Amino acid sequence: MARCLDYEDHRRELEANRYVYPVVSRRARGLSIGVNLNPDKVCNFGCPYCQVDRTAPGGPSRVKVPDLAGELEVLLRRAGGDLWTWPPFDTVAPELRRLADVAFAGDGEPTSPFEFLAAARIAREVRDRLAPGVPLRLLTNATLFHQDRVRKALAEFDELWCKLDAGTEGYFHLVNGTKLPFRRILDNLLFVARERPIVVQSLFLTLDGVGPDDTEIGAWIARLTGIVAQGGRIDHVQVYTVARVPSDPRCGPLEGRRLEAIVARVRAAGLAAAAYA
């Protein structure tokens, strides 16, 4: 079957590329050029909703920054030319045939590789030269914002999309599959949000058919308003759910009406928010 680029297909491969791949993003509302710094599939989270199959071996952990730059340059040059005539780009819906962003995401936490700073700088240089005005975004779990090398790299990005899927410590460990302290995430988000506005991206799901209850959602909203109360800036909150096949079969999507109800509560708390079913 021919590959069709849509919300449900976020495979990382493109021809012989190791680091740069195209996806149709429901939140970016167009074609997102992804940068994967984790082809080794190493991540400090183990979210059950993640689509990455970590039971299969990944590639080398070292990131070859010049190769990354070359792949990005080729894809951005295509985006400025006949991109939409090339498979699989020719399968994208007409209303989504726009270059929405260049986004560091991929198969793990993009801030974790040693080469993160160098990769961010070269990606910005290529973007500035070939696609000025297209935002360079970082999709991150914020676990490493306290490290100096990561903080230096954040300046290269136009937007920071930061994960916050929980309001309580127990639920955080459940839905993000990590033993890292929840406080580290909250402190890191506050630190950066005091310096610049952030986007909060929050995925809510069902586990064995059960989603987060109203108490958990209330605790999550309190975390958001707590950041603002302490001088942090949140540009907006993205509330979304499972759209692709997760690695853990217990996971399922939260229904659209529930997402909209969560968004309504966020807006009632004074923050901009949108749902993505």
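The values are calculated or read from the model by the stated rules, or taken from the named source; none is laboratory data. If you're wondering where the values come from, they're calculated on a predicted model, not measured in any experiment. No Cβ is skipped: glycine too gets one built from the backbone with ideal geometry, and neighbour counts run over all protein chains shown. To get the accessible areas, we keep the full protein, side chains included, count just its heavy atoms, and leave off ligands, DNA and RNA. Shrake-Rupley method; radii C 1.70, N 1.55, O 1.52, S 1.80 Å.
Key figures for this structure:
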| read-out | value |
| --- | --- |
| Compactness index (Cα Rg / 2.2 N^0.38 Å), the range 178-218 | 1.49 |
| Helical mean residue ellipticity (222 nm; -39500 (n - 2.57) per DSSP H run of 4+; nearest 500) of the chain | -10000 deg cm²/dmol |
| Distance (nanometres) between label positions extended 7 Å along Cα→Cβ at R184 and N44 | 0.4 nm |
| Among L96, A142, L31 the positive-end extreme of the charge dipole of the range 24-156 (Cβ point charges) | A142 |
| DSSP H segments from the chain that extend 15 Å or more along their own axis, Cα-based, with Kyte-Doolittle mean of 0.5 or above | 214-229 |
| Heavy-atom accessible surface of the range 82-170: percent carbon and sulfur, 1.4 Å | 56 percent |
| Computed over the chain, Cα set: Rg, Dmax in Å | 18.1, 52 |
| Added length on full extension, which subtracts the Cα-Cα distance from 0.36 nm per residue, D208 to R121 | 27.1 nm |
| Rounded FRET efficiency, nearest 0.05, which uses the C-beta distance separating D67 from D148 and R0 of 35 Å | 0.85 |
| Anchor K64: lysines whose Cα lies under 23 Å away (excluding residues fewer than 8 positions away in-chain) | K41, K152 |
| Nitroxide proxy distance, nm - points 7 Å out along Cα→Cβ at D82 and R233 | 4.4 nm |
| Whether the range 139-247 is rounded, prolate or oblate, judged on the alpha carbon gyration tensor where a/c under 1.5 counts as rounded | prolate |
| Shape call, the range 48-97: gyration tensor on alpha carbons, a/c limit 1.5 | oblate |
| The chain, accessible area per residue, ligands and nucleic acids excluded (1.4 Å, Å²) | 44 Å² |
| Rounded if a/c under 1.5, otherwise prolate or oblate - the range 87-190, Cα gyration tensor axes | oblate |
| Stokes-Einstein translational diffusion, the range 24-112 - Kirkwood Rh over all Cα pairs, 0.692 mPa s, 37 °C, in µm²/s | 225 µm²/s |
| D (Stokes-Einstein, µm²/s), Kirkwood Cα radius, the range 81-144, 1.002 mPa s at 20 °C | 157 µm²/s |
